[in-house]
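Reviewing the structure listed below.
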Amino acid sequence: MSPSLNEYLNQFEGHQKVIATVTEVLGFDATGLMTFIVFFTGAFVVVNVMALVGGLGTYAERKISADIQLRQGPNRVGPYGLLQFLADGVKMIMKEDIFPAQADKTLFNLAPLLALIGVFATLAVVPFSSGLTLANLNVGVFYLIGVSSLVGVAVFLGGYSANSKWSMLGGMRGASQIISYEVPVTISILTIVLISGGMSFGSFVGGQGGFPHEWYIFHNPFTFIGFFVFFVGMLAETNRAPFDLPEAESELVSGYHTEYTGMRFGLFALAEYIEVFVLCGVAAAAFLGGYRVPFNLGDGVVFVEKLGLPPIIGKNIGQVLQLGAFLTKTLFLYYVVIWVRWTFPRIRVDQVMTICWKYLTPLALFNLVGVTIWVFAFDGHSIWDVLGHMLSSGSGGGHH
Amino acid sequence: MFENTLFFLSATLTIVGAAGVVFSKNLMHACVLLLGSLFGIAGLYATIGADFLAASQLVIYAGGVVILMLFAVMLTGGSADSSNKFGIEKIPGMGSTKTYVIAGFSVLVISFTILKLMANFMKSYKAGELPAFSSTVEEIGTLLVTDHVLAFEISSILLLGALVGAAVIARPRKG
Amino acid sequence: MEYTISTIAPIVLLPFFAFVINAFIVKRFTSLAVFISCASIIGSFFYAARVFFDFLNVFSADYYIHKTFTWFDLSYGSFPFKLDMGIYIDNMTATMLFMVTGVASLIHIFSTYYMHDDKRYGRFFVYLSLFTSAMLALVLSENLISVFIFWELMGFCSYSLIGFYYEKEGAGNASIKAFMTTRVGDVFFLLGILAIWSVVGSVSFVDIYQAIGMGKFNGLYALGIPLATFAGFSIFMGTIGKSAQFPLQVWLPDAMWGPTPCSALIHAATMVAAGVYLSLRCYPLMEAGHLTMFIAYIGGITAFGAATIALVQTDIKAVLAYSTISQLGYMVLGVGVGSYNAAFMHLITHAVFKACLFLSAGSVIHSLHDHHTHAHVQEMPRMGGLRTKMPYTFLAMLLCTFAIAGIPFFSGFVSKDRILGDALLMALDNKAYWGPAVLGFGGALLTAFYMFRMMFLTFFGEPRDKELYDHTKKEGLSWNRNVPLLILSVFTLGVFFSGSLTGQGFIKVSSEKYEWFKTLIVNPTKTDFSGRQAQPLSFTANPSGETFSKSKYDSTYGLSEEKAHHIHHVHHIGALVSIIIAFSGVFISAMMYFWRSWNPGFWVSLFSRWYRALQNKYYFDDFYIKGLIQKGLLPLNRLLAFIDMGLYDRYAIDGWEKVNRALFTISKWFDNIIVDTVAVDGTGASVRFFNVILRTIQSGKIQFYFIMIILVLTGYIWTLKI
Amino acid sequence: MISLSSYLFISFTLFIAGIAVMIARKNIIAMMLGIELILNSAALNFAAYSRFVNNNLEGHLMSLFIIVIAAAEAAVGLAIVIRFFQIKETIHIDDAAQLQS
């Protein structure tokens, strides 16, 4: 249903011909090499696009916050100030690279890289469309959670290695917050795993449909709550307001990246924005139907049959529609995240842990139990199926 | 080809990390190197088709154990005789020449022992035809709740006990 | 009619539970505690009434209820050591139950009036409930051990109630005196029980009767005395102590320190009567021990001597106390002269009228309040003329005085006259009995005199303490003050006890209930007890519901016509004499204190030595304290102390110490050299030696252990042949 | 080329490294790093045998349980270390040689 990029390309004759040609030229079976090349190319493109998206994220944040605060925001560099992020990047690269004297230099260098590695590694499993998924792992979401926790280590190391008390406190807060909020996030993802019967994003998205009533968020009451648990946990994991305690400027100057300057600081910021995008994508894929388009337009069969287009073009049009659906949902969530940041005040540091362990975790566990019972009782059908069955059977007798 | 590349990368990461854990004089560095070694092991799991194991390794070690270790280093770093409050330079007890000599001797002894055992096994081992990779997630899940359900439940009780026990032990007490 | 244990047990258990509950709630909920006490005893009264009327109307004369359970059984082979506990109800028990619960109910009700303002109002009822349950349990007991247990429990209650106002020194001393004096009798009582146990192997009344009937006591001697005599005497000593007979009568007058209702209940109606009850229960034993003449003399002396002391008392309660001793003497006299039936009858009638007298005295005392000393007045010289102030009390007391003085148609006449008639009969048979008989008749004269003296001094004439009289409120009819008195006083009429007005069978009021007392109460020797086996507690008596034929009154007592005629004749003479005596006593009293024609002071000066003796109660207290205790008991104690300390301690114990010292020297050497040096220290040294070796291994250093593990494992693996 | 012996060699290296850390270090946390290495070598061995010898998933399960136990061990062990540090203000292993505090 949801092949990775290589499997998708293998459907087309042109690709097969290319492989055959390369094999002839090189004299040995080039399938593996081509697979590697395709994967590498895809990854390269995705990573760069994502870096661009992260840069645009900063622009979006400034523009939206300006809108909320009745300001103009960046409007000098480029049309509507769109190129502001490039200007910022150039500024960062040009800046003096400062090492604190007492810093642990190895770790000080390593921390931003670790953060970026953790975030970019997650991109391998993000389902942009049914064809544009770098690796459709069986343990996709599990892998994503594992790799993204590298960001926690990076935050911690960044805070530690700078050898400053603000950085130290910020790093401690960030790491503890990230590993704490992994618990409710993982548990609410587990409910989706239970319903879809698999851990890969392919099975997540494949179990849903294009219309909102086919999405997992409206599958049953527990997933509806679970989505909000996931969303709040996601905010905390990415250190976004109102959970931005690790970089609370009123208390800790700038938290774990207080001592960072130049592009190291830029890497941290980039990692943060990309991570927000990735987790918004995960939320969209797990709860909001992912790349599914209504009326099954996404697989392109309709264009081939009704409009008479060639299959290759129909399929690619479908892919574009899917990518558009995914990006629409993800960017909507991205907008909500920014919206929340400029709307809610920051909460206290003890309240962060209270919300996690006393409210979200019990709620997530309750959801897990509830979804388990729901799946067992109604054989995995959604609440709409159950209601429809009850209405059609007339007696209200429920399933079986 | 592709798998071989992954294997060599992972093996290198693992062994270099482990060696770093042994020889690093800075505990923080040792922890980060351990993280690298564990990532390498996750990659090794991936090369033998154990995708679930690999993901578990990532989640549990990278997300949990190593951060826990870092926290522990942080919370215990500032010993009384340390000049640096945050314990970067003067983390005590990282070993001396004497202990390394003893360790080296012990390692030699145990290496020979293991090699003796392994030699017998490897002589009789015949490499067979390896099956293709398949998803292990569903099979592991099935095994966990059928054949190994007792071990599964016991390990869940163990985790609960560890959770409560760790919280109780580490709680600061008055007096 | 079915009698299970659940119909009988509430008689005892209701007051007992009231005691248990009240003991906890009395401090906080005093009114509730009092209500529980009163309600429980009234409920108990209804249960007892059912039993009594069944025995009176339904059952045959020899019907009984006997239920037991085994308390403990330590028998081994042919040595029986088994004790049953249980209940035994025959006619006498039923009558006692009815009397005790009835009188106790009325006294409880009166106490709510008398004790109401007392600061230990609630506690009084706690004691009363405990006492009542103990008394009822004693009456229901089927064996002597159980009797003894409740006997002592009553003694404790009596002690507590005499010392109720323990702030007063006199009350405390009096309670101790009462307890210690009765203890003398109790020790003998216990000896008697043991003597009976040794012969009969059981202490159940039925077994004792059976044993006496089979002649088990014949030919048995202890210390040269026949064993039956010894046992009977010992048990009668219990009676002497409890019923305040000569020579242990000294405690009862002092017992008047207690509150008046408790005097009425304990020291007039029930507890002191329990002694007589015990004598009646053991009557076959007394007969077998040939003790009847001794008992008759004791009774006669007590009856007369106490009456003489009562002549000179001025305290109204003291007069009643001595009259109680005197009347108890009559009962004992009745036991002694074989007047089993009449003695028990006198017990019942006396309980009724003496309870009423005490309650009336209480009513008088309670209303006379001295505003100078803030105390109640008990002295008769300060009373007088109270007739108009408290008419109901006066009426009740007058009726009771008629009864105790032996005026015809009243209960006291019926019962006392029969005792005296039987005494006269015995005297005619055996000249040795003339003494008790004459003493009895003399006592009757004195009784009439001093009772009317009390009446005249209290209620007639001019008030001698004008201020006190004026402060006294006029008495109104009140449910808890006069009504109990009036109810009791109604039952002083003889017709309720004899069925005829005179008690001599001349005028029959009711043919049905004619002489029910004589039918009901029979001497146990006349009944064959061989078939009276005990039943288990769960046994339901007579489940088939068969009817019982009542035995008719036999005016000839089962004797020959001629003998019966003789008895009737003598009884008529006795009745005539006692009527004359009673009226002459009343007349003398009236001449002295009502019309004041004769001056009592003249007689006092004429018999001044005797007057002093009477005032000092015949010097009994002085004799006991100075003579017996100081000259006898204390030297004996000193002698015993000398034996203990001078002889036993010095020679036996100290001598043993010297032997021990010698043994100690030997064992010390053995201990030091052999055990300590060789065994203990040697073991320690060897342990230390190995310790030094092994200690180095357990260093506490984990890495050392780890290396050891590696080395051992490696060594093990290298030894494997693989 | 990549066979069982490759994995066994890596596992062997890890084990040796763990042993060396356990013996050479005097810092309790550093020793716990060694413990993690040893446990991981065992888990890797299980997984490798499962792939190359038995060809079933029992070995995977054993590895999974080892990971679980390692996590529990790390949690409790580090809690003990922190408690020990609160009492003694040191985490030198030789200071833990006495039973009394």
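The values are calculated or read from the model by the stated rules, or taken from the named source; none is laboratory data. Keep in mind that what you see is a predicted model, and the values were worked out from it rather than measured. Counting neighbours? That spans all protein chains shown, and the Cβs are built from the backbone with ideal geometry, glycine included.
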Here is a list: C:PRO247, C:PRO261. Which entry is surrounded by fewer than 22 Cβ atoms within 10 Å (Cβ to Cβ) and touching a residue at least 40 places away in the same chain (Cβ under 8 Å)? C:PRO247
Whether any residue in the range C:299-314 is hydrophobic (A, V, I, L, M, F, W, C), surrounded by 24 or more Cβ atoms within 10 Å (Cβ to Cβ), modelled with pLDDT under 90 and in a loop (DSSP other than H, G, I, E, B) is what I want to check. no
So which residues in the range D:8-42 are in contact with a Phe, Trp or Tyr (Cβ under 7 Å, 6 or more places away or on another chain) and either more than 19 Å from B:LEU115 (Cβ to Cβ) or within 8 Å of another protein chain (Cβ to nearest Cβ) (or both), if there are any at all? D:MET22, D:ILE23, D:ALA24
Determine whether the range B:128-139 contains at least one residue that is more than 7 Å from every other protein chain (Cβ to nearest Cβ) and at pLDDT 85 or above. no
So, B:LEU33, is that one modelled with pLDDT of 85 or more and not assigned by TED's automatic domain parsing to the domain that holds B:LEU159 or not? yes
Being more than 19 Å from C:SER263 (Cβ to Cβ) and touching a Gly at 6+ places or on another chain (Cβ under 7 Å): is that true of C:GLY338 here? no
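From the list C:ILE573, C:ILE581, C:ILE588, which one is under 34 Å from the mean Cα position of the chain (by Cα), at pLDDT 80 or above and not assigned by TED's automatic domain parsing to the domain that holds C:ILE5?
Among C:ILE573, C:ILE581, C:ILE588, only C:ILE581 is under 34 Å from the mean Cα position of the chain (by Cα), at pLDDT 80 or above and not assigned by TED's automatic domain parsing to the domain that holds C:ILE5.
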Here is a check on your reading of the model: is C:ASP62 of a type in the set (Asp, Glu), at pLDDT below 85 and either surrounded by fewer than 15 Cβ atoms within 10 Å (Cβ to Cβ) or over 19 Å from C:ILE208 (Cβ atoms) (or both)? no
crowded, with 23+ Cβ neighbours inside 10 Å, part of a helix (DSSP H, G or I) and without any contact (Cβ under 8 Å) to a residue 60 or more places away in the chain: is that true of A:ALA284 in this structure? yes
Options C:MET256, C:MET271, C:MET286; residue that is touching an Asp or Glu at 6+ places or on another chain (Cβ under 8 Å) and touching a residue at least 24 places away in the same chain (Cβ under 8 Å): C:MET256
Taking the range B:38-55, which residues are at the interface with another protein chain (Cβ under 7 Å from one of its Cβ atoms) and either buried (at least 24 other Cβ atoms within 10 Å of the Cβ) or not small (Gly, Ala, Ser) (or both)? B:LEU38, B:ILE41, B:LEU44, B:TYR45, B:ILE48, B:ALA50, B:ASP51, B:PHE52, B:LEU53, B:ALA55
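Within the range B:115-174, how many residues are free of Cβ contacts under 8 Å to residues at least 40 places away in the same chain and part of a loop (DSSP other than H, G, I, E, B)?
Looking only at that region, the number is 15.
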Please count how many residues of the range C:711-722 are under 17 Å from B:MET118 (Cβ atoms) and facing another protein chain (nearest Cβ under 8 Å). 5
Among residues belonging to the range D:16-71 that are more than 24 Å from B:PHE112 (Cβ to Cβ) and in contact (Cβ under 8 Å) with a residue 60 or more places away in the chain, point out the one that is surrounded by the most Cβ atoms within 10 Å (Cβ to Cβ). D:ILE29
The number of residues in the range C:297-332 that are under 15 Å from C:TYR433 (Cα atoms) and touching a His at 6+ places or on another chain (Cβ under 9 Å) is 1
With the range A:113-229 as the region, which helices (runs of 4 or more DSSP H) entirely inside it contain at least 3 residues that are within 9 Å of chain B (Cβ to nearest Cβ) and on the phi < 0 side of the Ramachandran plot? A:140-161, A:165-196
Taking the range C:61-81 and keeping only residues that are in contact (Cβ under 8 Å) with a residue 24 or more places away in the chain and in a strand (DSSP E or B), one is left with C:ILE65, C:HIS66, C:LYS67, C:THR68, C:PHE69
Where A:ALA101 falls short, out of the listed (1) within 14 Å of another protein chain (Cβ to nearest Cβ); (2) surrounded by 14 or more Cβ atoms within 10 Å (Cβ to Cβ): (2)
The one condition C:LYS431 fails out of (1) more than 29 Å from the chain's Cα centre (by Cα); (2) surrounded by 14 or more Cβ atoms within 10 Å (Cβ to Cβ) is (2)
Among the helices (runs of 4 or more DSSP H) lying completely within the range C:470-526, list those that include at least 3 residues that are surrounded by fewer than 19 Cβ atoms within 10 Å (Cβ to Cβ) and modelled with pLDDT of 60 or more. C:482-490
Candidates C:LEU424, C:LEU457, C:LEU398, filtered to the one that is at pLDDT 90 or above and in a helix (DSSP H, G or I): C:LEU398
Filter the range A:284-343 down to residues that are small (Gly, Ala, Ser) and more than 28 Å from A:GLU272 (Cα to Cα), then give me how many there are. 5
